[in-house]
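The structure under discussion appears below in the form of structure tokens.
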Amino acid sequence: MARLLRQIVFAFGILLALVSGDPAAAGPPFITDDPEPVDLGHWEVYGFSAGASGRGDTTGLGPSMEVNYGAAPGLQLHIIGGFAYDDQPGAHLQMGISDTELGAKLRFINPGEDDWYPQVGIFPLLEAPTGDAKRGLGAGYWQEFLPLWIQKDWGKWTTYGGGGYWINPGPGNRDYWFAGWLLQRQVTDNLALGGEVFHQTSSAIGKSASSGFNIGGIYDFTEHYHLLFSAGRGGLQYAVDAGAVGYPTTYYFAFQWTV
């Protein structure tokens, strides 16, 4: 746990140095995603760190950057890149370029405020193996995620979730399913709080399925600058070297700029 706290403080300091629209409604700081794209011509930029600690190993991303752009009505383009780290007991801290995530979110059902049915969209992701897998900083293979997400808003409440199928090649690996659901409330004009639960099936031979949770929130400093945070257990999506951490304690921390 002390190692995890050191990593959080380290990432926090770097992000403060890196980061000098509308508030985020869904997705980060949670693993469960949503169907709501960035508005046409608008941007979301996150400087973030996320990690997992278990079995004495701490692994994750940061400092890293996520960029989303509203490229067309109902269509968002997405990229994540930056650095990964892996701190194993009795070994030197490994840090270097992470794998790169590319994606496109397409919302194909967009109800009006008075309609009873939810938003629905897809958000396929492609993980490019740009990190050094031999040092625990990447998967070493191209991976794909093919999810379906739905969302419903009412008053100060938002709920969203869904899931999809991970194509996970490599020796000993298995393709697997991920599903999650979240409930979030706008507590004040500046603060939204929420919690999620999620489950994934086995991703490797001899590795059991995993369930977990996160609690977190979004604080709006201004219309364009926001703080995102969450912590929980079992979030293997936050672990770059997922095979080393088992059922980990996790964190996500980001500054976001929207325009």
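The values are calculated or read from the model by the stated rules, or taken from the named source; none is laboratory data. Since the model is a prediction, treat every value here as computed from it, not as a measurement. Note that we place each Cβ from the backbone using ideal geometry, even for glycine, and neighbour counts take in every protein chain shown. Ligands, DNA and RNA are excluded from the accessible area calculation, which covers all protein heavy atoms including side chains. Shrake-Rupley method; radii C 1.70, N 1.55, O 1.52, S 1.80 Å.
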Selected residue (only one of Ala139, Ala179 is under 29 Å from Val245 (Cβ atoms) and surrounded by fewer than 19 Cβ atoms within 10 Å (Cβ to Cβ)) = Ala179
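Can you pull out the residues in segment 125-139 that are out of contact with any Gly (no Cβ under 6 Å at 6 or more places or on another chain) and either under 23 Å from Leu77 (Cα atoms) or part of a loop (DSSP other than H, G, I, E, B) (or both)?
Leu126, Glu127, Ala128, Thr130, Gly136, Ala139
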query = Among (1) open to solvent by less than 20 Å² (accessible area, probe 1.4 Å); (2) within 16 Å of Pro28 (Cα to Cα), which single condition is Gly164 missing?
reply = (2)
message = Taking the condition of being within 16 Å of the chain's Cα centre (by Cα) and farther than 23 Å from Val245 by Cβ, how many residues in segment 194-225 meet it?
response = 3
ask   = Counting just the residues of segment 182-200 that are touching a Ser or Thr at 6+ places or on another chain (Cβ under 9 Å), among the hydrophobic types (A, V, I, L, M, F, W, C) and closer than 30 Å to Thr222 by Cβ, which one comes out most open to solvent (accessible area, probe 1.4 Å)?
value = Leu183
request  = Find all pairs meeting these conditions: Cβ atoms under 6 angstrom apart; at least six residues apart or on different chains; first residue within segment 205-219 and more than 12 Å from Leu182 (Cα to Cα); second residue β-branched (Val, Ile, Thr).
outcome  = Ala209/Thr201
